[in-house]
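Encoded as structure tokens, the structure appears first; notes follow it.
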């Protein structure tokens, strides 16, 4: 428990209205944990969160319980709620799930390239290129997510993307740790381009090969990350 979160300004009334309280708090804190704004070991004070979000104890408690279900916080009753360390077993399971689904997804898209969202995918790659040049890590990460979600939506299985997202919080933290490494964003762009090129060419095997290479790298640098950020991982 290395630090305590300070209030960072309440959500706007409009956002709270859209998010209906608990969901908005949950999504905000989840994004901050995955984006490493709230790092492992950060103590989440319920009183400070109530002040930050201008809400009562109940929606704060419910949001923290949802985060606990995803393994993103550890709740110690009558003591503290703490951002959890990165769980490598959960990360490996999430990678397996995502790879299994997306290998079939890109195969299906490549079998019917005329129906694939190639133009939109290439547009997202161009956006990511600009963001990489500006070192806009958070915006790059959002565009990366949009790239993958677009493929799910194209096949009418957006709910599966939401499942992958819920299961992928721990591997997403690994990706976020690795994103600032020199050349990492450029590597992602090359891999995305290879996947889209194969889909556009009607090459299912090529699309799967590109996808497998793309999703296999997240766990390759765990040992290096553990050396650089030992406090982020369970001992």
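Numbers below:
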{"quantity": "Alpha-carbon Debye profile of the range 88-232, log10 I(q)/I(0) at 0.10, 0.17, 0.20 Å⁻¹", "calculated": "-0.32, -0.96, -1.31"}
{"quantity": "Extension gain, residue 159 back to residue 123 (0.36 nm per residue minus Cα-Cα distance, nm)", "calculated": "10.6 nm"}
{"quantity": "Principal-axis tilt of helix 137-154 within the chain, Cα atoms, nearest 10 degrees", "calculated": "60 degrees"}
{"quantity": "The range 106-123-the range 204-235 distance, computed between alpha-carbon centres (Å)", "calculated": "25 Å"}
{"quantity": "Selected from 134, 111, 215 as most flexible by GNM, with the chain as the system and alpha-carbon contacts under 10 Å", "calculated": "134"}
{"quantity": "Helix-derived mean residue ellipticity, 222 nm - over the chain, DSSP H n ≥ 4, -39500 (n - 2.57), to 500", "calculated": "-21000 deg cm²/dmol"}
{"quantity": "Residue exposure sequence - 74, 172 - by fewest surrounding Cβ within 10 Å", "calculated": "74, 172"}
{"quantity": "Nearest-ten-degree value, helix 88-111 long axis tilted from longest Cα axis of the chain", "calculated": "30 degrees"}
{"quantity": "Most mobile listed residue (145, 220, 129) in the chain, GNM with C-alpha springs under 10 Å", "calculated": "220"}
{"quantity": "Top of 214, 135, 79 by mean-square fluctuation, Gaussian network on the chain, Cα under 10 Å", "calculated": "79"}
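Every read-out reported here was derived from the displayed coordinates using simple, explicitly stated rules and does not represent laboratory data. Worth saying up front: this structure is predicted, and the values here are computed from it rather than measured. With ideal geometry, Cβ positions are generated from the backbone for all residues, glycine too; neighbour counts draw on all protein chains shown.
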